[in-house]
Each structure stands twice: as structure tokens, then as C-alpha cells.
Amino acid sequence: MADIKIEIDGQIVNAKAGETLIAITDREGISVPRFCYHKKLSTSASCRMCLVDIEGVPKPQTSCSTPVSDGMKIHTQNEKAKASQKAVMEFLLINHPLDCPICDQGGECELQDVAVEYGSDVSRFSEGKRVVAASDIGPLIQTDMTRCIHCTRCVRFGSEIAGMMEMGGTGRGEDLKIEPFLAEGITSELSGNMIDVCPVGALTSKPFRYELRSWQMVSNESIARHDLTGSNVYAQTYKGQVKRIVSGDNEAVNETWISDRDRFSYEGLTHENRLLTPQIKVEGQWKEVEWNVALDFAIKGLSNTVLNNRKAHKLGGLASSTTTTEELYLMQKLLREIGCENLDHRLNVNNLDEAIHLESNLKLQALEQVDHALIIGANLRLEQPMINHRLRKAQLSGANITALNVKEFDYNYALNHVSVAPNEIATILAGVLKIVLEKKSIELPEYLSAISPSSSSVELAKDLLNAERPVILLGEHIINNKQAASIAQLIAEIAKQVGANTLNLSISANALGAQHVNFVPNSVGMNVNEMFKAEMRAFLLLDVYPEYDFHHANSAIEALSKEDVFVVSLNSFNNDLVAQYSDVLLPMAAMYETSGSQININHDIQSFTAMVKAPDEAKPAWKVLKVLADLLELPGFHYENSTQILEEFEHQPAHEHSQETAIDLSQQSTAIETVWMHNCYHSDALLRHAKSLSMSTLGQVNSASMNANTAKELALSDGDEYLGVPVDITETVADLCVFVNSNQATNIRSMS
Amino acid sequence: MISDNAKKQIDHWIEKYPQGKQSSAVMEALKIVQAENDNQLTHDSIQAVADYLNMPGIAAAEVATFYENYNHKPVGKHIIRFCHNISCMLNGADDLIAHLETKLGVKTGEVTKDGLISVKKVECLGACVGAPMFQINDKYYENLTADKIDDIVDGLQ
């Protein structure tokens, strides 16, 4: 676009020909009122509020839909512009109830702000106002559509960003109503953004309804840590409680959107199951005690079982990867200082000899630019919503996307779905590699000699070879694939040969942080699954909930519950199971209650401060670990704040874990395989305690999907249960495998 | 939900548009499905049309609720569409609508108990020269008076 000069309110401004006027005024800090315009959405020019006067044009023009040309002279403040804006304002207020005193948007309402400036003191409209009947569109969004000014931002958000048009305008003229068509209301995983884009109080946060005024709260930047994106958010707090989360702006991470789980998970912070005081178990009875008593008890227990008799190898340290990098760093430092190498965060992996090693080498902004993507084993829309959003943008600008999945999920963009059973994936990828190597006349390795590429392999290879900027994404469904390591290595090989980037999405939240601080056993240490087979004497657990977190939940619970095993649990939530096996319960601060950092998929260390103090006696885990280390008289734990911990590890090179395992395609399982995924709103402890999310349509999903043939093989029918989960017979699942998406606990998973 | 015959008719309209733009046929498709279902569109039939044209249900509903000639409630065998726009209004349409309502014992938007006649107020039908006017099914009746309305309505079977 050519560089041009235009004149706005007498001021010469540089612009590009064809830019919209409102983009320029926004950039130059010239205020033009608007309701329907949103920089990330298409232009509808329906509210008419941004009218300005352009010299030589008889009628005022909407600046959101007017492209500029050289020499254009624009007046945003002259009499004509002001009069037009005031006239539009008067029309918009005709049907608006002006119920600001009882409206949640009051104080942060675009309509209210603009009305103060452009509205009249007195209404000339004496006729009856339009009223729209209330409708319930789900547990997350509260509607008061009488307040709606028909800007259609929510409608455009749905069709353009969420990729599912759920809201629409029905009726006509005065009867026009913005509403969803389906009875279940709004089900998008990004639906909460409609609250942010709504310029009035028509769509507001349901969990936050009638809680507070926006000016009563303190708003601070933070990071939501439910997935690999680490979305930037504002945490809004009042009297020591997080009251609301709204999206922050960061083009490199989440643009200006956040997923619903990032937005509503804060509800879990005040759940009645929060662990609030330190407790010790004396003769089978729980006793609430002071911190120093609990910590002494913990030290004594660890000393008696493992430390005093040089048995640090009988101690195991396990942490959830939803914790902060600082917490993980301190915990591994503490364990290694006392000579313990048994530590792990990869709790949900069935076989760690088959662990996935694959690097992520494409940043989110670059993901939008790919021209081909191959997704393997992921329902990205629910598992990594913001990464899916970037991929959707790539698809809309022409990228060709293929998904290799056990089930045809509800994708929100056009892609080629290839149904595969888990045991077919490695063979298909081996076929792809063979074709690629043959095309490049590279000598074939031994393991490919017996492979004869299937038609799927041919198609996949063709797409990858034809692409200029391909990416291969490996998802969480693969972690417990019997050939997981081989699959990851085949992907790495293929990527190397075709010049593709890779993204490893098989890990959760802050697993990259855990990897960076080396929260995995070295050669002499035991991994999580080995620990449960060995005769351990003590465990230190960091925010672990066995019934959800472990693949081998039953053996984990058994090992932790043994009579002579001493278990120290640092937890943010308590439950019967945790109480059953623990000997000490140390209450830890949850998300937004502690300072620290997360390493996201861009490999950026995103730091955050504590938004609120942890409730009651709960303390940030890094402080607890520091004091534990001090009590154990370990050197090098003189931290005054978490930033000092960060400084210690941030410049350490990230630990590489690329133990090259030989690709082995011989192990062909013919059994019916099960891919178990947590419901997207039950994937970590905080989410599981967030009530509104659990009540939502997505949070309610609990099904074991299989096709009719598989059901017949398993002698199951509709209404039965498989591994305790209701059976859902659908032909969208590949033959002879089961896809479980469950909001239940998983101690059933070890059966599979 | 959509009969084979209706599908055939809809396909005829889909063919008129470029490939992948099948949703352009939504107005005709709604009309065809309505004609087959007692002159009425239900939530399910709108969804069925949307599914058939591979478009969101709400997008089909937006069209179906925008135009007067899609019916969302049961209608009579005969539909009287009474114009109440400016020319007809100036020529006494409002009084005549009231007369018709009293005669049939229904309000506009309703259907007579025997299911024979429904009355709708509609916007300009482009027959201002003969205002006041209404349309019964596909036929226009112009220069209406109370007596004339009585005659016409009494003749409906």
C-alpha cells in the first residue's frame, strides 16, 4: 500500500492508501466514538456512531468503513461530525433501558462512556421502549438483551474467531433480537470473549453477576496456566480475592482472546475443598497445627524414613506440571541436595521408556503463516484453544490442514480428517518417511524396509512435500500410544527431511518449565512408574491428585497408602484420597496466589506476581520448599523472593532430553486400544473445582466413544459403561479403538 | 425431515450457485420445506435445511425470521396478508383490519379456530394504487371496504 498523507482535524497524518480511517485515528490517539468496530473483527458499520465529516463528501461517513486516500481532509470534531454523532447516540438510546444502576457493565460500559460525552440530558422519546425476553444461554454468560444495541460484535466473534456461528440476529427492525438458535445456548470454548467484546451490558459474566463494580477492583497483569499458551490476562481482585479474569493483550501469545477455562477457572480458588491449614496425622487422626509444627513433623518423618539412614534413594518427589517453574526448580534442588534423584512430573505417561521427545520450534505468530499443518492425535480446539485459533487463521488464509485422529472431532475449520486407530499411526508415518526418503534418493534405514506405504501415507507425504512452510503437531492423545517414542522420532525425521517445523503439544501447562529445570530423574534416579514398583519409604508431592493425575492411578494410590510410607503433600485442595495416604498436609497457594513463571510454547519465560494473598494459612510453595530446605540445613536456599530463584535458573541452558531410542515398528498391538483424555474443564485441580465450567455443555461431556463394530467386539451397547464411562456409539471413531473424554476420576485408567 | 422430493427441488436451486455456495439457496429451500410441512417452519425444519445446506442453524434462522412469508406458527388454509403501510393506512387500513379481526374473532398473527383463515399484517405489497388492499394466498384484493371484505371472506372455503 502506498504511503499517503491525510489531514485529520487540521493535523497532517501519515497513512497507507486503503487503510480504514478508524485504524488511523486509533493509531494517532484521536478519539472517535464507536460500538460495532473491533480491530480483530470484520467491519459491519452498523452502529453508525463513528460518523465523521470528510471535506467534499456531502454526507457524514462512518470512519470504520471508509478507506483513506491521499489528501483526504477529515473532521472528527467539527459541528457536522458532532451533530451526526449526537444524532446517532440519540437513536441508540431510544431502545436502551438506561438501567445502569443495576447493570453489571456500569462503570466499564462503552455505551455509558460515550453517552456521557455525546448523549442528551433529556430524552425526546416518549413512546414505549422495546423489551426482549430473558434467555438462558448457559452458565458462563448472562444475557440482558433489552440492553443490546445490535452492534453484532458477538455474532461476528462467533463466526469469525470462535469458528462456530452460535449467535445471530433473528427477526427484523424493532423485533431484531440477538440470540442463539440452539437450546443448549453457547457452547464455544472461547465463548467468554463475547463478554469482553460486548460494548454494553447485554452479555456479562454470569459467575461475576452482581458481585462488584469494576472500579472497586484492582486489575493486574497475570498469566493463565491451563495450557501451553500461557494466555495473558488481567486478574481483577477485591479484598484479597480474585473476582474476575479478563483477557490481556499480547500479539505474540493470545492476541486479545482467552479461552473460557482461562477466564472462569478462578472460581475454583474459593472452593470449599481448599486446603487452608497445615495438618498432621497423629495415630490416624488429622490435627490442624501451626506451620512450624507441621514442618518439623515433616522433617522428622522424612528423617526417620529416609534421611537418617542414608536412604535418600527411597524418597520420591512428584510434582504436577501446572505448578510454577520456580516451585519445580526449588523442589528438584532440594531433592538433589539431599541426594535424591527420584523425581518426575510426567505423571500421566504409561510407559516412560516410550516417552515422547520432540521439540517445539515454531512460535505462535509464525503458526499463522504455515501453508500446511499435519495434526497427529489432538483435539486442538478443546486441548489447546489458542493454538487451534492460530491454526484456524492459517487455514482461513489458505493453509491445507490434515488431522490424523482416532475420532472425527468437531473441528471449527475445514480440514482433511483421517480416521486412524492408535496402532496404525506409527506405520502410516513410517510410510510417509519412506516415500519422502525415496523421493530424495536417500538410503532407507533398516526399519523401513518392510514398510509398504498405504494410500494415506501417500497423501500425507504428497502434502508435506508440496508445502513450503509445513508444520507437524503432535498431540496429547499419543502419550500413551504403545509406539509413542517411535511416532515422535518418525515425526522428527519427516520434519527434518521436508523442512517442517514441529510442535509438541503432548505435554501440559508448564511441562516446558519442568523440562527446563530438569525435573526428571537422571540416570541413577527412578521415574514415576518405577517409583511405584520400588519399595519407597517416603514421598514429597507437589499439588498431586492421584485419581486424576497418574496413568497408573491404582498402583500410585497403593504405593502412597502403604503403612510405612511417609507422605508429605503440598496441596492447594484437599480430598478424602489425599487425606488417606498423606501424613502431612501443607496448604499451598494456587494460581494467582503466588509469584513465579511459566515457560510457554514460544519458550518465553512469562513471569507473574501474586495477585492476592493465599487464603488462611496457605503459603506459596516456593516459600514452603525454601523453609523445608532451611530446616534441613541445606546450603543455597537464601531466597527472599521468587525472582531470585528465576535468576538462578533462567540462564541455565534448557536440559535436553533427546535420548535417541531406536525406531521399532515391530510391536503391532491388535488389541482394542483406548485413548483417555480428561474433559477439557477437568484437566487440572483448579479447573475441576471451578463450578460454572463444570456445569457448561463442554464441562458435562463424559463419554466413551466407539463405533458399532468396536461396541460389538466389546459386547457393549448404548446405555452401558466402558471403564465406568457412559458408552457413546458413533461412527466418527476409527475401528477397534475407544476415545474416552471424561470428567470423572481416572483410577479406572490403569485397567486399559 | 426433508423429503426426497423436497431435496430434489432444493438441489435444483443449489445448482444455480457456484460450488461451495450452496447456502445461497437457503430462501428457496426454506420455502420448499415450508410448503411440505403445513405451510409452517419449525425449529427442527430450519435446522434440517441448515444441515442440508451445510450452514449454521442460526444463519438459516436469521433468514427465516427476517421475511414475513415464512411462518413460525400454525397457519390457516388461507392466509390473509393485510397491508398496513402508508398508502393503505391513509386509506383506512387500520379500521379495516380491526373490522376483519372482529369478524373472524382473531387478532392479526392468529388463526381461526377452524383452521381455515389466518390474518397477518404485512408491509407494502406494491399495490398502492388500489389501497387499501390485502392478499389472500397468491391473489390481490384491492380498494377494500368493510362490505367487500365480508363478501370475500365469506367466500373462503
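The values are calculated or read from the model by the stated rules, or taken from the named source; none is laboratory data. Worth saying up front: this structure is predicted, and the values here are computed from it rather than measured. In this analysis, Cβ positions are derived from the backbone assuming ideal geometry, glycine residues included, and neighbour counts consider all displayed protein chains.
The table for this structure:
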| item | result |
| --- | --- |
| Tally of residues being more than 14 Å from every other protein chain (Cβ to nearest Cβ) and crowded, with 23+ Cβ neighbours inside 10 Å across the stretch A:123-147 | 4 |
| The stretch B:23-44 - residue that is touching a helix residue (DSSP H, G or I) at 6+ places or on another chain (Cβ under 7 Å) and buried (at least 20 other Cβ atoms within 10 Å of the Cβ) and, of those, farthest from the other protein chains (Cβ to nearest Cβ) | B:Ile32 |
| Some residue of the stretch A:198-209 being within 12 Å of chain B (Cβ to nearest Cβ), in contact (Cβ under 8 Å) with a residue 40 or more places away in the chain and within 25 Å of A:Met386 (Cα to Cα) | no |
| Single unsatisfied condition, A:Gln652 versus (1) modelled with pLDDT under 95; (2) buried (at least 17 other Cβ atoms within 10 Å of the Cβ); (3) within 30 Å of A:Gly339 (Cα to Cα) | (2) |
| Residues of the stretch A:1-32 satisfying the condition of being surrounded by fewer than 21 Cβ atoms within 10 Å (Cβ to Cβ) and under 21 Å from A:Gly119 (Cα atoms) | A:Ile30, A:Ser31 |
| Hits in the stretch B:63-79 (condition: without any contact (Cβ under 8 Å) to a residue 24 or more places away in the chain and out of contact with any strand residue (DSSP E or B) (no Cβ under 6 Å at 6 or more places or on another chain)) | B:Phe66 |
| Close pairs (9 angstrom Cβ cut-off, 6 or more residues apart or separate chains): more than 7 Å from chain B (Cβ to nearest Cβ) and crowded, with 16+ Cβ neighbours inside 10 Å in the stretch A:168-187, assigned to a loop (DSSP other than H, G, I, E, B) and of a type in the set (Asp, Glu) anywhere | A:Gly185/A:Asp136; A:Gly185/A:Glu166; A:Ile186/A:Glu166; A:Thr187/A:Glu166 |
| Any hit, the stretch A:408-421, residues being over 29 Å from the mean Cα position of the chain (by Cα), among the small types (Gly, Ala, Ser) and surrounded by fewer than 20 Cβ atoms within 10 Å (Cβ to Cβ) | no |
| Selection status of B:Thr112, over 27 Å from A:Thr187 (Cβ atoms), β-branched (Val, Ile, Thr), in contact (Cβ under 8 Å) with a residue 24 or more places away in the chain and more than 14 Å from every other protein chain (Cβ to nearest Cβ) | yes |
| Answer from A:Tyr234, A:Tyr238 - the residue that is out of contact with any Ser or Thr (no Cβ under 9 Å at 6 or more places or on another chain) and of a type outside the set (A, V, I, L, M) | A:Tyr238 |
| Hits in the stretch A:62-71 - residues which are out of contact with any Gly (no Cβ under 8 Å at 6 or more places or on another chain) and crowded, with 19+ Cβ neighbours inside 10 Å | A:Thr62, A:Ser63, A:Cys64, A:Thr66 |
| Top-ranked residue in the stretch A:148-160 [being touching a helix residue (DSSP H, G or I) at 6+ places or on another chain (Cβ under 7 Å) and among the hydrophobic types (A, V, I, L, M, F, W, C); ranked as farthest from the other protein chains (Cβ to nearest Cβ)] | A:Ile149 |
| Some residue of the stretch A:275-284 being touching a Lys or Arg at 6+ places or on another chain (Cβ under 6 Å), in contact (Cβ under 8 Å) with a residue 60 or more places away in the chain and within 19 Å of A:Leu560 (Cα to Cα) | yes |
| Number of the exception - A:Leu41 against (1) hydrophobic (A, V, I, L, M, F, W, C); (2) over 19 Å from A:Val200 (Cα atoms); (3) at pLDDT 95 or above | (2) |
| Residues located in the stretch A:531-548, provided they are charged (D, E, K, R) and either out of contact with any helix residue (DSSP H, G or I) (no Cβ under 8 Å at 6 or more places or on another chain) or part of a loop (DSSP other than H, G, I, E, B) (or both) | A:Glu535, A:Arg537, A:Asp543 |
| Segments classed as strands (runs of 3 or more DSSP E), wholly inside the stretch A:49-161, with at least 2 members that are touching a His at 6+ places or on another chain (Cβ under 8 Å) and either among the hydrophobic types (A, V, I, L, M, F, W, C) or without any contact (Cβ under 8 Å) to a residue 40 or more places away in the chain (or both) | A:51-54 |
| Those residues of the stretch A:258-300 which are of a type in the set (D, E, K, R), assigned to a loop (DSSP other than H, G, I, E, B) and under 15 Å from A:Glu617 (Cβ atoms), in sequence order | A:Glu290 |
| Hits in the stretch B:108-157 (condition: modelled with pLDDT under 95, assigned to a loop (DSSP other than H, G, I, E, B) and charged (D, E, K, R)) | B:Glu110, B:Lys113, B:Asp114, B:Glu123, B:Asp138 |
| Pairs, first farther than 14 Å from B:Ile97 by Cβ in the stretch B:131-151, second surrounded by fewer than 12 Cβ atoms within 10 Å (Cβ to Cβ), C-beta under 8 Å, six or more apart | B:Glu142/B:Val129 |
| Residue under evaluation B:Ser87, criteria (1) crowded, with 16+ Cβ neighbours inside 10 Å; (2) within 14 Å of another protein chain (Cβ to nearest Cβ), criterion not met | (2) |
| Any hit, the stretch A:232-245, residues being closer than 30 Å to B:Thr42 by Cα and over 19 Å from the mean Cα position of the chain (by Cα) | no |
| Tally, over the stretch B:62-76, of residues that are facing chain A (nearest Cβ under 9 Å) and over 14 Å from A:Ser159 (Cβ atoms) | 5 |
| Check on B:Ala93, over 27 Å from B:Thr145 (Cα atoms) and touching a helix residue (DSSP H, G or I) at 6+ places or on another chain (Cβ under 9 Å) | no |
| Residue selected from the stretch A:193-221 under the condition in contact with a Gly (Cβ under 8 Å, 6 or more places away or on another chain) and among the small types (Gly, Ala, Ser), by the criterion farthest from A:Thr270 (Cα to Cα) | A:Gly201 |
| The stretch B:46-62, residues that are assigned to a helix (DSSP H, G or I), surrounded by fewer than 21 Cβ atoms within 10 Å (Cβ to Cβ) and touching a residue at least 12 places away in the same chain (Cβ under 8 Å) | B:Gln47, B:Ala48, B:Ala59 |
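Each row is one residue, and each column tells you yes or no for (1) hydrophobic (A, V, I, L, M, F, W, C); (2) in contact with a Phe, Trp or Tyr (Cβ under 6 Å, 6 or more places away or on another chain).
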{"site": "A:Asp260", "(1), (2)": "no, no"}
{"site": "A:Lys281", "(1), (2)": "no, no"}
{"site": "A:Glu288", "(1), (2)": "no, no"}
{"site": "A:Gln332", "(1), (2)": "no, yes"}
{"site": "A:Leu335", "(1), (2)": "yes, no"}
{"site": "A:Ile338", "(1), (2)": "yes, no"}
{"site": "A:Ile356", "(1), (2)": "yes, no"}
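Residue-wise test of (1) at pLDDT below 95; (2) under 30 Å from A:Leu693 (Cβ atoms); (3) hydrophobic (A, V, I, L, M, F, W, C); (4) surrounded by fewer than 19 Cβ atoms within 10 Å (Cβ to Cβ).
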position: A:Ser247; (1), (2), (3), (4): no, yes, no, no
position: A:Thr256; (1), (2), (3), (4): no, yes, no, yes
position: A:Tyr266; (1), (2), (3), (4): no, yes, no, no
position: A:Glu272; (1), (2), (3), (4): no, yes, no, yes
position: A:Glu283; (1), (2), (3), (4): yes, no, no, yes
position: A:Phe297; (1), (2), (3), (4): no, no, yes, no
